[in-house]
Every structure is written in structure tokens, then in C-alpha cells.
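The values are calculated or read from the model by the stated rules, or taken from the named source; none is laboratory data. Computed from a predicted model, the values in this text were never measured in an experiment. Glycine also receives a Cβ, built like all others from the backbone with ideal geometry; neighbour counts cover every protein chain displayed. Calculation scope for accessible area: heavy atoms of the full protein, side chains included, ligands and nucleic acids excluded. Shrake-Rupley method; radii C 1.70, N 1.55, O 1.52, S 1.80 Å.
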Amino acid sequence: MVAEHVRQGGTPIAARGTRQLLENILGQICDREVGRKKLQTKAADQLSAFREVALSESGTNPEFALQILEAAGIAASDMGKMVDHPLLNVGHDGNYRFSFDFLASYLRALHIADAISNMGVAPSSSIWPFLREEANGKGFILEHLESLLEPEAVDSVGGLVASVPLKYRESQSFLLHVVLDLIRTDANIVTGVERTERLFTAVFGADFTVAKKVTGLYLTGPFDALDLSGVIFSGCRFEDVTLRNCRADRNTKFERCAFVGEFEFQPESCKREGWSLVTMVDCDIAFPASLIWDGVIESDFASRAELVKDAVRLGLSKFWCNGRLKTSLWRADWAKGLLGRSGYCKPLLEAMLKSGLVQEVTISGVPEGGLAFRRESLFDLQKFMDNQQMIGKVLETYNTMLGDS
């Protein structure tokens, strides 16, 4: 965009920071259109209209009918002159999109940054669905916000968590990731304890300092270098969460929490950082997170029979792809993914070999060889993958696992 700005005769820009630079370039581009085409719509109003389009349409770089711009604030007399606006491209079907792929995400991030500066986002705001899409802390809006917000915005961002509509509860996680990104830029916060304290006081205020209690949050994605020792999580939902270099202790407690999807500790040694001592009270730990927690804590959150069945399901899925049998795999692939991170990887393979459900095979060029599923047990596999019914060699594997556990 900078190159295009220069090519079209843009003037030098004095700016501090990415926000000023981009806003000034965008403003100059739009202001040049005012002078070149005698537009009635000022540069700031053009950018406001583009922002409205970015918020009203979904997708990384959405397509839209040009007429939408009039509803967004472009003067009716200017509509015919917008067809070749440098910030817009027209497609073969006559619909338009932004000339630069980053622009829609940037305009959405700009809207969020301005809303934070103004201390609020309305429950009816069109921005919540976009935050939900990046709830796991990965996405273009989050990247742009890193350059648009100052570290002092931590409390303003954290304060928005309580405003998230229930319909878009996942957006809470997005805001938590933004807060953590801002905290990482603060040179005065260096320890996991300090990082955790700053994160949750931004959300719950001084109440967290007193009770160390985190209530009703939705979390997804990776969370790094937090010391959760003594923290009580109540009514929280953890979905596909990764804890990297996070600590806990015997005073860390989860009460009435739900664990959905995958749950991972990175590195594996983190499991020894006090996590075996945490307390679970009335928590719902679903497959496959149940298999990870089973290898970390001693608790009756699930029966041995349920856990073994979940492990069998995970192992059999390695030989089942898109409703069809995958006849073989490299032995090294058996230990990859969630199964490899659970405590069931080795005993399950031993049980499957013992029952004759799978067999070891030689694969050319693969020193460790591979594993092949026995075709005579295909019906057993189909029954289990279709409706969790255990028969034949699958049932034999399950019983072997139960007997050895």
C-alpha cells in the first residue's frame, strides 16, 4: 500500500507508530480522491464508510455490492465516482472488495481500538462475531491490535470482558489474549505470578487480589507463562486449551468447570509443575481432554471404563479417515498427537497387538516399520466408529486394557 501511495504521487508522511502511518496514508489516498474527483464525501467520512462495510460483512476480505457504500455514508452524488477508488477492486461478478487483503481486518481492529478508548463496546455491536472468530488468540485483528493499543489499555480491555453478550461468550477469550499481549510489552512485569495477577485484576479488579477467584470465563487457545498457584476457577469453560510453561499447586482449584476438546501441557514437564496436586470439584471433563487429565491427577471425574473406551476410540481413529479404512501407518505416527501425549499410547498399542486387531509390518525406507489394521476386523471397526458399539477384536482390545489397568 505504501508503494501504491508513492506511485500515485502521495506526499511524505511524518508519523510515529504503525497506527499514525497507516491512518495518514489511508487519509491521503481518500483526500486525493476528493480533490481529483471533486467528491462531496470527505476523506474521514470515506474511511468511516469503509469501516462500516468491514464491520457489516464477514470474511478476511469480503465482497460487497457498491451500493452498500451509500448506506454506509458515501454521498449519493459520489457513488458513480467510487467505481475506481484506489482502495477498492471490482471482481468479474461486479462485486467489490478492498484493494488490500489486510484492510478489512485493520479497519475492524481500528474500530475495537477506538471503542476501547471510549470505554465500551455495545452488546449489540457487530464486532463481537469477529472477536469470536479469533477467540483462540490467532488472527489478523489481534495482530493489528498489538500496534493500535498502548500497554496502558490493559484495564480497558479487561473491563470489556464483563460486557461480552452470552451469545458471543467466546469473545471473552479474545480479550484475554489481547490483555496478555499488552502485558508482555510491559517491562515491569516479568514473573508468572505478576503476569497472572495483572491479567485477572484487569478483568475482575481488586476482587481477584483478595479472593484469587476467576469466575465464568471462556478460554481457548494457548496461554503462556502463567503461575496459577492458588487460583480458583469457578464455572469456567476450557475448550481446546494449551498451557505453556504454566505452574499450579495444591491450592489451585477447578470447581464446576467444563473441559471440552483437547487440553495440552507444553512442555510435557509442565505436568510436574504442581498440576498433579490441583483439585477438581464437580467438573465436566469430556473426551479427549479427559485422557490428558487422567495422566496428571488422581480423581474420579470419569470411570476407568469410560477412559479406556475413549483411549480405544482415539487409537482406532488413526486407522479411520473420512469414513474409510486407512490400512496402515508409520509406527512413529502412532505416538503423535493427543494419543502420544496421554498415558495410553503404549498400553493401547500392546493391547491391540495382543488381540490381533493390528499387526507390525515392514515399510520400505522406514527403519521403525509400521502398523497395519487387519482387514478381517474392518466390520468391528465400522461398528465402533459409527455408534461406539464394541464387538470382536475391538471388544477384546477394550477388555485387555481394562484387565491390565
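Can you go through Thr220, Thr252 and tell me which one is in contact with an Asp or Glu (Cβ under 6 Å, 6 or more places away or on another chain) and surrounded by 15 or more Cβ atoms within 10 Å (Cβ to Cβ)?
Among Thr220, Thr252, only Thr220 is in contact with an Asp or Glu (Cβ under 6 Å, 6 or more places away or on another chain) and surrounded by 15 or more Cβ atoms within 10 Å (Cβ to Cβ).
Pick from the stretch 25-74 the residues that are at pLDDT below 95, of a type in the set (S, T, N, Q) and over 33 Å from the mean Cα position of the chain (by Cα): which of them is nearest to Leu148 (Cα to Cα)?
Per the criteria, the residue is Gln28.
Evaluate the stretch 365-374: report whether one residue or more is part of a strand (DSSP E or B), of a type outside the set (Gly, Ala, Ser) and within 18 Å of Phe287 (Cα to Cα).
Within the stretch 365-374 (the criterion being part of a strand (DSSP E or B), of a type outside the set (Gly, Ala, Ser) and within 18 Å of Phe287 (Cα to Cα)), the answer is no, since none of the residues qualifies.
Take the stretch 265-296 and flag every residue that is of a type in the set (Lys, Arg) and surrounded by 14 or more Cβ atoms within 10 Å (Cβ to Cβ).
Once the filter is applied, which keeps residues that are of a type in the set (Lys, Arg) and surrounded by 14 or more Cβ atoms within 10 Å (Cβ to Cβ), the stretch 265-296 yields only Lys271.
From the list Ser163, Ser234, exactly one residue is surrounded by fewer than 19 Cβ atoms within 10 Å (Cβ to Cβ), out of contact with any Ser or Thr (no Cβ under 8 Å at 6 or more places or on another chain) and hydroxyl-bearing (Ser, Thr, Tyr). Which is it?
Ser163
Tell me, please, whether a residue that is surrounded by fewer than 18 Cβ atoms within 10 Å (Cβ to Cβ), out of contact with any helix residue (DSSP H, G or I) (no Cβ under 9 Å at 6 or more places or on another chain) and not aliphatic (A, V, I, L, M) can be found in the stretch 369-378.
yes
Take the residues of the stretch 259-294 that are among the polar types (S, T, N, Q) and part of a helix (DSSP H, G or I): which is nearest to Pro222 (Cα to Cα)?
Among those that are among the polar types (S, T, N, Q) and part of a helix (DSSP H, G or I), it is Ser269.
So is Leu22 open to solvent by less than 60 Å² (accessible area, probe 1.4 Å), modelled with pLDDT under 95, within 25 Å of Asp93 (Cβ to Cβ) and not in a loop (DSSP other than H, G, I, E, B) or not?
no
Only one of Lys346, Lys393, Lys383, Lys354 is under 23 Å from Ile292 (Cα atoms) and either assigned to a strand (DSSP E or B) or basic (Lys, Arg) (or both); which?
Lys346
Among all residue pairs at least 6 apart or on different chains, which show Cβ distances below 6 Å where the first residue, located in the stretch 286-306, is within 20 Å of Gly340 (Cβ to Cβ) and the second is open to solvent by 50 Å² or more (accessible area, probe 1.4 Å)?
Pro288/Glu262; Gly295/Gly343; Val296/Ser276; Ile297/Ser276
Looking at the stretch 25-40, which of its residues are farther than 21 Å from Ile141 by Cα and open to solvent by less than 10 Å² (accessible area, probe 1.4 Å)?
Ile29, Cys30, Glu33
Quick check: anything in the stretch 231-249 of a type in the set (D, E, K, R), assigned to a helix (DSSP H, G or I) and in contact (Cβ under 8 Å) with a residue 40 or more places away in the chain?
no
What number goes with the only condition from (1) touching a helix residue (DSSP H, G or I) at 6+ places or on another chain (Cβ under 6 Å); (2) closer than 26 Å to Glu376 by Cα that Asp333 does not pass?
Among (1) touching a helix residue (DSSP H, G or I) at 6+ places or on another chain (Cβ under 6 Å); (2) closer than 26 Å to Glu376 by Cα, Asp333 violates only (1).
Return the residues of the stretch 121-142 that are out of contact with any strand residue (DSSP E or B) (no Cβ under 7 Å at 6 or more places or on another chain), open to solvent by 30 Å² or more (accessible area, probe 1.4 Å) and either closer than 19 Å to Gly159 by Cα or touching a residue at least 24 places away in the same chain (Cβ under 8 Å) (or both); say none if nothing qualifies.
If the condition is that a residue be out of contact with any strand residue (DSSP E or B) (no Cβ under 7 Å at 6 or more places or on another chain), open to solvent by 30 Å² or more (accessible area, probe 1.4 Å) and either closer than 19 Å to Gly159 by Cα or touching a residue at least 24 places away in the same chain (Cβ under 8 Å) (or both), then Ala122, Pro123, Ser124, Ser126, Pro129, Arg132, Phe140 are the ones that fit.
Can you name the residue in the stretch 167-215 that is in contact with a Gly (Cβ under 7 Å, 6 or more places away or on another chain) and open to solvent by 60 Å² or more (accessible area, probe 1.4 Å) and is also nearest to Glu143 (Cα to Cα) among such residues?
So the residue we want is Thr215.
Can you run down the residue pairs with Cβ atoms below 7 Å, 6 or more apart or on separate chains, where the first is in the stretch 28-51 and part of a helix (DSSP H, G or I) and the partner is modelled with pLDDT under 95 and among the hydroxyl-bearing types (Ser, Thr, Tyr)?
Every condition considered, the pairs that remain are Gln28/Thr11.
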